[in-house]
Each structure stands twice: as C-alpha cells, then as structure tokens.
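Heads up: the structure comes next, in structure tokens.
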Protein chains: 2
Amino acid sequence: MADVNNPGLNLLFLRDEELRQGIELLFFAYRDFTAEPDAILAKYDFGRAHHRVIYFTGRSPGMTVGELLGILRITKQSLSRVLGQLLKQGFIQQKTGSRDRRQRLLYLTEKGAELERQLSAEQRARIARAYRAAGAQAVEGFRKVMLGIIGREEDRRRFASKAGAAPGIAKPGQGTGTQG
Amino acid sequence: MADVNNPGLNLLFLRDEELRQGIELLFFAYRDFTAEPDAILAKYDFGRAHHRVIYFTGRSPGMTVGELLGILRITKQSLSRVLGQLLKQGFIQQKTGSRDRRQRLLYLTEKGAELERQLSAEQRARIARAYRAAGAQAVEGFRKVMLGIIGREEDRRRFASKAGAAPGIAKPGQGTGTQG
DNA sequence: TTGTTTACGTCAGCCATGTTGACATTTATG
DNA sequence: CATAAATGTCAACATGGCTGACGTAAACAA
C-alpha cells in the first residue's frame, strides 16, 4: 500500500502490522471492557447509555445537561430518553442552577450512587488488574498513547496530571488491593 | 465527598482517580477512534457493523463465518444482515471451503479491499500519530495494558509478538479455500 | 423594556444493529 | 444411516442513535 512507497514512514517502524494491532487492541479491549457492566445493567432494564450517564454524573456531580451532552456527543433527544428514565426511577436528580437558573445540574441520588459503584467496580477491577500486571511504567505509556488517540485538546485536559507526583502507584505484585 | 473527611485514604484516592482515568481514556479514545470511519461509511449507507466485517475479513482472508462470529461476539442473525448486504453489493465474496464444504470462507473483493483501505487508513493514521508522539517505549506499555484488559487468552494470542517479523504477514485462518 | 439567544424539554418518526426463537439445507462424521 | 455441525433465513422485538419541529423559562443585549 501507500506506506510501502513512503520511505519516511518506514524510518519510524510504524509498520502496517503494528498499526493494525493497535486498531484491534482498541476493538477487543473495548468489547471486553463493556461486557460485564452490560450484564448488570440488564437486571435493571438499563443499557450502556444509562451507564454512561450514571458514570459521568457520578464523576462530576453538578454537571449541566449541556456539559454531559458535550462529553457523550449525542443529541439531547437521545440523552433525554435515558436521562428521563433515570430521573423518574430516582437514580439521578436535577437541581436548578443558582448562577444560571436555566441550567439543570445533575447529581446521583444515593440509589444512583450505589448502582454507579456496582458498575464501575467491575471496570475499575479490570483496569486495576491490567495496570498491576503491566507495571507503572507501562501504565504511563498507556496513558500517553491513549491521550494521543483522543482527538480534542478539550477532552485531553481532563487527564491533566492530577497525579503530578503520581509515581507512587501500584507496582506489580502488591497493589493496594483494598479498592473494589 | 466522603474521601475528604477520611484521613488515610489518600493512597486509595489516588488509586481510584487513576483507575477512573483509565476508564475514561478507554471511553474517549474509542469514541474518537470510531468517529471518522463512521462518516465515510455513511456515504455508502453502511454502519459500524459493516466496518467491522470488512476490517476483519481484510485482516484474515479466508476466515469462516463462524470465526468471524467468534471475534465479533454477536449472533449469526445480526451478522447475517450486514454480511448479506456486503455480499449483494459486491464488497465481500464467499468461497466454499475445500477442506470442509459446509464452510463459507470470506474474502474482500477488490471493491471491498478499496473501501477497507479507505476506512482503516483513517484509523491507522490516528494510531500512527499517537504512537509517534508517545514513543516506542510508551507503545510497549500501551500494548501491555491493553492486553491485560482483554479478557480471553484466545483473543490475546492474536497479538503474540510479531515484533521482529517481516511486513506483510497474513494469517489465513486455516483453509486454503481454493474452491470457487 | 423589548427582542433575541441560550438551556433545556418533548413529541414524533426513522434507522441501525443488537437480541431470541424456530426451522431448513448441506455436509461431515461416528 | 443417524446425528451433529456450519450456515442461512424468517419473524418479532428492544435499544439507542438520528432529524425535525415546537415550547418554555431565563439570560442578555440593544
């Protein structure tokens, strides 16, 4: 293909095989990453869309509907369907913004928070296992590459090193183990 | 939140933050990773499901329907819909297996191969950019972590170190499929 | 104050893609 | 020869994207 005719690329050893493996790593990892929560959600008659709303609401309590739409990159009509269900069933509550009373700030209820913990516990455990097995240095590489894949600086900002002194993390073998 | 009032949880807080960032890296990376191909596919009235079939058929020419189902982890009825369209429109062709004539081995047509190149070019470029920006060592870490996230050894095998291998490897599932 | 824009909600319908269940055909295999 | 396997197909249903149109309340600018 084109790569073969482009000597510049070859210098970087970014061979087609390597790049395709990257593509497939994303596919398989994401496929498996979402499988467990899906099973839990089914018990509540919820789907992946509900999970995302619950997750990001738990992550950033007080977030506006518009901000959530910006993260999910779906239409308000799509969001409305799942958000409406979560509100009606008491997993999420809205509060009118005090600074701007047009805004509806989103919060998990206690019930919602419990489901959130249950769902993300599975995913955190999976990530923890992978991090532990790979080692701290690999985790740093993982972060770098993933940040490179994310398209918008606006989205990357969310990952700005809060771990500024982060190196004290999970080494292979031990781990803190207490986190569910 | 409760964390703030709980002294001695600092290590755990960092760890939870780190794990959640991992969750979000997967979400954002996958979201952006699929966005560009989706736009191209729309022109053909195809969706992400078509892309997956085209991609994996191109990756492993001669693969059986059953093997593809195993990779995608969807039902044969779901696959049948998109595969049928791709066959009818001449993007994919099937050949009866020579070893086992019940099997239908999948191949891209030239038309299909061209679409495949167009689609994966976007994704390969994205991965290439990320790899280049992160550096070789980071890529190694990325691979390690991603492999840890993938659940089944069976799937991980596909990534067995072809590290020093020559370019242009094809991994025909098994059958030579010389039958017409 | 008034007019416009913004943030959010909602109704209605369409489409893609996943699911289950039932059944048919061809071929391999014990 | 009987059974199992690989594949295909029909039908019905659910989820969660989408567009388009329209409504309300609040903020903001002229």
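For the stretch B:29-54, the set of residues classified as in contact with a Lys or Arg (Cβ under 9 Å, 6 or more places away or on another chain) and within 13 Å of chain A (Cβ to nearest Cβ) consists of B:ARG31, B:ASP32, B:PHE33, B:THR34, B:ALA35, B:GLU36, B:PRO37, B:ASP38, B:ALA49, listed by residue number. Here's a check for you: in the stretch A:88-103, which residue that is in contact with a Lys or Arg (Cβ under 8 Å, 6 or more places away or on another chain) and in a loop (DSSP other than H, G, I, E, B) is nearest to DNA strand C (Cβ to nearest atom)? Top of the filtered list is A:GLY97. May I ask you to list the residues in the stretch B:136-156 that are charged (D, E, K, R) and touching a Leu at 6+ places or on another chain (Cβ under 6 Å)? Within the stretch B:136-156, just B:ARG156 meets the criteria. Do we have A:GLU140 as free of Cβ contacts under 8 Å to residues at least 40 places away in the same chain, under 16 Å from B:GLU17 (Cα atoms) and surrounded by 14 or more Cβ atoms within 10 Å (Cβ to Cβ) here? Spelling it out, A:GLU140 is indeed free of Cβ contacts under 8 Å to residues at least 40 places away in the same chain, under 16 Å from B:GLU17 (Cα atoms) and surrounded by 14 or more Cβ atoms within 10 Å (Cβ to Cβ).
Evaluate the stretch B:105-122: report whether one residue or more is of a type in the set (A, V, I, L, M, F, W, C) and near DNA strand D (Cβ under 9 Å from one of its atoms).
Among the residues of the stretch B:105-122, at least one is of a type in the set (A, V, I, L, M, F, W, C) and near DNA strand D (Cβ under 9 Å from one of its atoms), which makes the answer yes.
Filtered by the rule that a residue be assigned to a helix (DSSP H, G or I) and out of contact with any helix residue (DSSP H, G or I) (no Cβ under 7 Å at 6 or more places or on another chain), the stretch B:130-141 gives B:ARG132, B:ALA136.
Annotation note: of A:PHE159, A:PHE142, the sole residue that is closer than 16 Å to B:GLU24 by Cβ, at pLDDT below 95 and facing chain B (nearest Cβ under 7 Å) is A:PHE159. Only a single item in (1) modelled with pLDDT of 95 or more; (2) in a helix (DSSP H, G or I) is not met by A:ASP38, and it is number (1).
Checking B:GLY84, B:GLY112 one by one, the residue that is in contact with a strand residue (DSSP E or B) (Cβ under 6 Å, 6 or more places away or on another chain) and at negative phi is B:GLY112 and no other. Counting only residues that are under 13 Å from the mean Cα position of the chain (by Cα) and either surrounded by fewer than 17 Cβ atoms within 10 Å (Cβ to Cβ) or of a type in the set (Gly, Ala, Ser) (or both), the stretch A:44-58 holds 3 of them. Quick one: would you say B:GLY84 is near DNA strand D (Cβ under 8 Å from one of its atoms), among the small types (Gly, Ala, Ser) and under 18 Å from the mean Cα position of the chain (by Cα)? Against the criterion (near DNA strand D (Cβ under 8 Å from one of its atoms), among the small types (Gly, Ala, Ser) and under 18 Å from the mean Cα position of the chain (by Cα)), B:GLY84 does not qualify. Restricting A:LEU72, A:LEU79, A:LEU106 to those that are touching a strand residue (DSSP E or B) at 6+ places or on another chain (Cβ under 6 Å), surrounded by 15 or more Cβ atoms within 10 Å (Cβ to Cβ) and hydrophobic (A, V, I, L, M, F, W, C) reduces the list to A:LEU106. Of note, B:LEU79 does not satisfy the criterion of being more than 14 Å from chain A (Cβ to nearest Cβ), near DNA strand D (Cβ under 9 Å from one of its atoms), under 20 Å from B:LEU41 (Cβ atoms) and touching a Gly at 6+ places or on another chain (Cβ under 8 Å). Would the stretch B:104-119 turn up any residue that is more than 14 Å from chain A (Cβ to nearest Cβ) and within 8 Å of DNA strand C (Cβ to nearest atom)? No. In the stretch A:64-86 there is no residue matching the filter, namely being over 27 Å from B:ALA35 (Cβ atoms) and within 12 Å of DNA strand C (Cβ to nearest atom).
The rows are residues; the columns are (1) β-branched (Val, Ile, Thr); (2) more than 11 Å from DNA strand D (Cβ to nearest atom); (3) out of contact with any Asp or Glu (no Cβ under 8 Å at 6 or more places or on another chain); (4) part of a helix (DSSP H, G or I).
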| site | (1), (2), (3), (4) |
| --- | --- |
| A:PHE46 | no, no, yes, no |
| A:HIS50 | no, no, yes, yes |
| A:PRO61 | no, yes, yes, no |
| A:LEU68 | no, yes, yes, yes |
| A:ILE74 | yes, no, yes, no |
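Being surrounded by 14 or more Cβ atoms within 10 Å (Cβ to Cβ), at pLDDT below 95 and more than 8 Å from chain A (Cβ to nearest Cβ) is a property that holds for B:GLU122.
So, A:ILE127, is that one in a helix (DSSP H, G or I), surrounded by 13 or more Cβ atoms within 10 Å (Cβ to Cβ) and within 16 Å of DNA strand D (Cβ to nearest atom) or not? So A:ILE127 fails the test.
The values are calculated or read from the model by the stated rules, or taken from the named source; none is laboratory data. Just so it is clear, the model here is predicted, and its values are computed rather than measured. With ideal geometry, Cβ positions are generated from the backbone for all residues, glycine too; neighbour counts draw on all protein chains shown.
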